[in-house]
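Worksheet: one structure, shown below.
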Amino acid sequence: MKLLGNKTAIITGAASARGLGKSTAKLFAQHGARVAILDLDADAALAAANDLPGSGHMGLACNVTDFEACKHAVEVVLGNFPQIDILVNNAGITQPLKLMQIEPANYDAVLDVNLRGTLYMTQACLPAMRAQKSGAIVNISSVSAQRGGGIFGGPHYSAAKAGILGLTKATARECAPDGIRANAVCPGFIATDITGGALTDDMMTQILDGIPMGRAGEASDVAGCCLFLASDLSAYVTGSEVDVNGGSLIH
């Protein structure tokens, strides 16, 4: 059964081979979606799109911190696909800094990509979703937002990802009358490239000791949750935050 047959999905920051976005794009394509991958690097986005199952996918350059670039990307997608059904705001960066190490440039970079980018892409997609009276927005937050960091990203990363939770709920509340749902996914420790190989063996042991399931998450674990939230299986789910953390944060 294909859960996203004839649907169009935009996924930001999805060109990294081992990243959450690419894994989500692949799963969405397997379930029948036409996928537009947005990333800073046009060639990387196109290569990632060409690597997806099926045909007709797109790869576009887009800096999510630039509202005009977001609007342009959406216009290009709508010029090729009949509608935009799904937006996954996945683009993000992290920095392993302590409170007193956060310089203005660090704050700007992390808040802009993670939080401003989520806002801008949502704003860019909303007119089309409102016009068709349907849409599913999936925002990637983090367990870091819920537990106050403590894994890899600094306090400014925790703040940005917590901001995404507030933005998601406000979006869900405002857009529900238009048939648009918005939900957040909060991954725990996932084995991706975002940490840039900066974790030592001791750090890894400490992290795994705090996960009841005893393993790091895979990108596919997060992709499955995104598929659920993007599909009609979650038709009555909006404003939620779904934990994908192996039990490392049980409320």
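The values are calculated or read from the model by the stated rules, or taken from the named source; none is laboratory data. Quick caveat, the model's predicted, so the values are computed rather than measured. All Cβ positions, even for glycine, are placed from backbone atoms using ideal geometry, and neighbour counts span all protein chains on display.
At-a-glance table
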| read-out | value |
| --- | --- |
| Residues that are under 18 Å from His72 (Cβ atoms) and more than 13 Å from the chain's Cα centre (by Cα), drawn from region 1-34 | Thr8 |
| Selection from region 131-167 of residues that are among the basic types (Lys, Arg) and surrounded by fewer than 18 Cβ atoms within 10 Å (Cβ to Cβ) | Lys133, Arg147 |
| Some residue of region 84-99 being of a type in the set (Ser, Thr, Tyr), within 18 Å of Lys169 (Cα to Cα) and buried (at least 21 other Cβ atoms within 10 Å of the Cβ) | no |
| Evaluation of Asn50 against (1) at pLDDT 95 or above; (2) closer than 29 Å to Gly153 by Cα; (3) surrounded by fewer than 21 Cβ atoms within 10 Å (Cβ to Cβ) (one fails), failing number | (2) |
| Of all residues in region 1-35 being hydrophobic (A, V, I, L, M, F, W, C) and part of a loop (DSSP other than H, G, I, E, B), the one that is farthest from Ala219 (Cα to Cα) | Met1 |
| Number of the condition not met by Ala128 [criteria: (1) within 17 Å of Val185 (Cα to Cα); (2) among the hydrophobic types (A, V, I, L, M, F, W, C); (3) crowded, with 17+ Cβ neighbours inside 10 Å] | (1) |
| Hey, Ile207 assigned to a loop (DSSP other than H, G, I, E, B), surrounded by fewer than 18 Cβ atoms within 10 Å (Cβ to Cβ), β-branched (Val, Ile, Thr) and at pLDDT below 95 or not | no |
| Residues of region 59-80 satisfying the condition of being within 13 Å of Thr12 (Cβ to Cβ), without any contact (Cβ under 8 Å) to a residue 60 or more places away in the chain and among the aliphatic types (A, V, I, L, M) | Leu60, Ala61, Val64, Ala69 |
| Enumeration of residues in region 123-149 that are in a helix (DSSP H, G or I) and either farther than 13 Å from Leu165 by Cβ or of a type in the set (Phe, Trp, Tyr) (or both) | Gln123, Ala124, Cys125, Leu126, Pro127, Ala128, Met129, Arg130, Ala131, Gln132 |
